[in-house]
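Reviewing the structure listed below.
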Amino acid sequence: MARVFLADCQPLFNEALEALIERDGRNDVVGSGSTVAQVVGAVGRLRPDLVVVDAELALAARPTLVETVLDHLPGTKVMLLTQEIDLDLLLGAIRSGAVGVVGKKSGTRTVLRAVQAALDGEGVVPRAMLPDLFRRLLDLGDRAPDSPLSRLSPREREVLALLGRGWNNARIGRELFISPHTVRTHVQNILQKLEMHSKLEAATFAMQRDLAPRRLATDAPGSHNGSGGLAG
């Protein structure tokens, strides 16, 4: 069974949804939380396959809770629940990396289908909103610069910029406070999105575009002590 984590500001809603999923029997609820701090701490420890999170909790701050979860666990899927779905909320969820949004009022069968669809790797979008969503995405695409970097998440752009400095996975992880394994996953995503075949190719791409991140403390004179390099 897949491992599901529930996150809603109202603990009673978490309990009701947990009972629904457990009664369905296809997946296992491994934990729940009602604050950002609770969710981040528990998700990092429990490593669920899917986080089902209330939209207000998920998108209230920057970086969003969705982005924070995916930064630490890129393989985890995040789906949002909300009282009312509008196009701006849906776009915000997609941009943050969520696989979709489902309405809390849509009925138990719809919620269960959405949970299973998200776990199966499918997008979760109300059918009635698809035409408007496609039109908005096409409009944004027409106005956006045709840059390969637009395919990357903010965290992936940070990792790419540090690859351009010649840093290895361990050093990037220390700088961004993520594990080398998570860095490796981000690098794999970067190579796939940019249609590249090696870290060296990605690093060269970053250097050509001068993707320097903010000045780092480790950039101080004498700080380059051989811990860099693209291996690892």
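Hey, does region 32-40 have a residue that's within 21 Å of THR185 (Cβ to Cβ) and surrounded by fewer than 20 Cβ atoms within 10 Å (Cβ to Cβ)? Looking through region 32-40, at least one residue is within 21 Å of THR185 (Cβ to Cβ) and surrounded by fewer than 20 Cβ atoms within 10 Å (Cβ to Cβ). Given (1) assigned to a helix (DSSP H, G or I); (2) open to solvent by 70 Å² or more (accessible area, probe 1.4 Å); (3) modelled with pLDDT under 55, where does GLN188 come up short, assuming only one miss? That leaves (3) as the condition not met. Every listed requirement among (1) at pLDDT below 85; (2) of a type in the set (Asp, Glu); (3) part of a helix (DSSP H, G or I) is met by GLU158 save one, (1). For a quick check of your reading of the model, give me the residue pairs whose first member lies in region 172-183 and is closer than 14 Å to GLU156 by Cα, whose second is of a type in the set (Ser, Thr, Tyr), with beta-carbon atoms closer than 6 Å and at least 6 apart or on different chains. That search, which allows pairs on different chains as well, returns GLY173/SER179. State all residues of region 1-48 that are closer than 21 Å to ASP71 by Cβ, polar (S, T, N, Q) and assigned to a helix (DSSP H, G or I); if no residue qualifies, say none. Matches in region 1-48: GLN38 only.
A quick yes/no check of all residues on (1) surrounded by fewer than 14 Cβ atoms within 10 Å (Cβ to Cβ); (2) farther than 22 Å from VAL183 by Cα; (3) not hydroxyl-bearing (Ser, Thr, Tyr):
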{"site": "HIS72", "(1), (2), (3)": "no, no, yes"}
{"site": "LEU81", "(1), (2), (3)": "no, yes, yes"}
{"site": "LEU87", "(1), (2), (3)": "yes, yes, yes"}
{"site": "VAL102", "(1), (2), (3)": "no, yes, yes"}
{"site": "SER106", "(1), (2), (3)": "no, yes, no"}
{"site": "VAL111", "(1), (2), (3)": "no, yes, yes"}
{"site": "ALA118", "(1), (2), (3)": "no, yes, yes"}
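The values are calculated or read from the model by the stated rules, or taken from the named source; none is laboratory data. Source: prediction; values computed, not measured. Here the Cβ is made from the backbone with ideal geometry for all residues, glycine too, and neighbour counts use every protein chain on show. Only protein heavy atoms, including side chains, enter the accessible area calculation; ligands, DNA and RNA are left aside. Shrake-Rupley method; radii C 1.70, N 1.55, O 1.52, S 1.80 Å.
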